[in-house]
Amino acid sequence: MPVPNALGVPCTAQRLRFVRSEQELMEALSCWRDALVVGQCSNLVLPKRLERPLLVAAWRGLRLVREGADALLTVAAGESWHALVRYSLGQGLGGLENLALIPGSVGAAPIQNIGAYGVELSERLIQVRVFDRRRGRVRRLAPSECGFGYRTSLFKAQPDLYVVLGLTLRVGPCNPLVLDYPDVGRELAKAGRAAPTPRQVAEAVIRIRRRKLPDPKRWGNVGSFFKNPIVSQRTADRLGRRQPGLVAHSALGGVKLAAAQLIDLCGWKGRRLGRVGVWRRQPLVLVNLGGGEADDFLALAQRIQASVMRRFAVRLELEPTPVQDGPAA
Ligand SMILES: Cc1cc2nc3c(=O)[nH]c(=O)nc-3n(C[C@H](O)[C@H](O)[C@H](O)COP(=O)(O)OP(=O)(O)OC[C@H]3O[C@@H](n4cnc5c(N)ncnc54)[C@H](O)[C@@H]3O)c2cc1C
């Protein structure tokens, strides 16, 4: 069966099943123990042929419990992330506005701790409900148990340990607006929003994203193909002396550089390599120019990584997960 994916690469799965309830998931996992669980395939680089069984998390459900002015939202993995953001804003509950328009499912959100415009999922999470694949039982994990970091988590580091069943998030006025991201500030100022509501922040974020990011329906892409590298203060100082205007922000574990700037400085913006290329408005994004396959993307990514390594001695890590071809080990 063909597997639709945001990168728009051809992929045929030998065994694929849409799983519509937790009960169905447990049954499917008991016969397909090595199955790969996915959501909407917007952060995967899929091979042409996939031997490993694929289970698509499609179980749904949403519950809102008011707690004073705030609320707890408990959501099943198969719900759409952006629909959840819209629902929360529709209830007058802020907190998720900076994460508007991120493609994909709720269940995948904790895998790389999705983040955008100064907010990460982990800052809004109360609990992750998981199915422990080795022990065969359901567990509830507190955020402190999930190993969250910048675009990473325990789930990403050890992908076959748990299936995410659902999340509980805290939304509402307990989450003050995060407006310090320059693009967001500029967009709100342009719209004359001096004291914006969460919904107006979401609208600003949506406008920025639509302007900057290619629509995966037209140009297959997975958003950022690389993570922003985190380097030591010494490395950042050395690079800053060599490269005037180098963007660097302090981050947990060191100094975060802007991968887009490093890629741009290596001359990759807007370039193409066969059937794939580097998006002209955002060089972090690699796009399918027509007929591109997983190997084309990985070859382009390797060339970019090598350029950045040669010029800055900085290693760029991939953000999406490349799925290996052939049967699971
Ligand atoms: C145009 C575009 C823009 C993007 N912008 C951003 C952004 O701003 N910030 C950001 O953080 N990301 C961004 N992304 C990446 C992507 O949207 C997120 O990673 C999203 O969470 C992926 O959801 P998905 O359902 O498509 O996951 P998939 O791609 O299907 O899966 C991603 C990973 O999660 C695992 N997984 C999925 N569901 C489960 C589950 N229930 N249990 C266990 N494991 C699971 C999969 O095995 C895989 O390893 C962008 C992608 C695109 C296409």
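Within the range 275-329, track down each residue that is more than 13 Å from the ligand (Cβ to nearest atom), at pLDDT 95 or above and acidic (Asp, Glu). Matches in the range 275-329: GLU293, ASP295, ASP296, GLU317. If you go through the range 260-275 and keep only what is out of contact with any helix residue (DSSP H, G or I) (no Cβ under 8 Å at 6 or more places or on another chain) and of a type in the set (A, V, I, L, M, F, W, C), you end up with just ALA260. Using the structure shown, decide if LEU50 is within 23 Å of ASN175 (Cα to Cα), crowded, with 21+ Cβ neighbours inside 10 Å and among the aliphatic types (A, V, I, L, M). Answer is no for this residue.
On the basis of being touching a helix residue (DSSP H, G or I) at 6+ places or on another chain (Cβ under 8 Å) and either free of Cβ contacts under 8 Å to residues at least 40 places away in the same chain or over 28 Å from TRP32 (Cβ atoms) (or both), does VAL164 make the cut?
No: the conditions fail for VAL164.
Taking first residues from the range 15-36 that are in contact (Cβ under 8 Å) with a residue 40 or more places away in the chain and partners that are in a helix (DSSP H, G or I), the Cβ contacts under 7 Å between residues at least 6 apart in sequence or on separate chains come to VAL19/LEU25; VAL19/ALA28.
Taking the range 218-329 and the strands (runs of 3 or more DSSP E) fully enclosed by it, the elements with 2 or more residues that are without any contact (Cβ under 8 Å) to a residue 60 or more places away in the chain are at 248-251, 254-257, 276-278. Out of everything in the range 114-139 that is within 17 Å of VAL37 (Cα to Cα) and crowded, with 22+ Cβ neighbours inside 10 Å, what residue ends up being farthest from the ligand (Cβ to nearest atom)? Only one residue tops the list, namely VAL128. Condition test on LEU177, is it surrounded by 15 or more Cβ atoms within 10 Å (Cβ to Cβ), within 18 Å of the chain's Cα centre (by Cα) and either over 28 Å from LYS269 (Cβ atoms) or outside the structural domain of ARG280 (by TED's automatic domain parsing) (or both)? No, not satisfied. Scanning the range 186-206 for residues that are more than 22 Å from VAL171 (Cα to Cα) and either assigned by TED's automatic domain parsing to the domain that holds GLN282 or exposed (fewer than 15 other Cβ atoms within 10 Å of the Cβ) (or both) yields a total of 6.
Looking at the range 49-57, is at least one residue part of a loop (DSSP other than H, G, I, E, B) and more than 12 Å from the ligand (Cβ to nearest atom)? Looking through the range 49-57, at least one residue is part of a loop (DSSP other than H, G, I, E, B) and more than 12 Å from the ligand (Cβ to nearest atom).
The values are calculated or read from the model by the stated rules, or taken from the named source; none is laboratory data. These numbers were taken from a predicted model, which means no experiment stands behind them. A quick note on method: Cβ atoms are made from the backbone with ideal geometry, for glycine too, and the neighbour counts reach across all protein chains shown.
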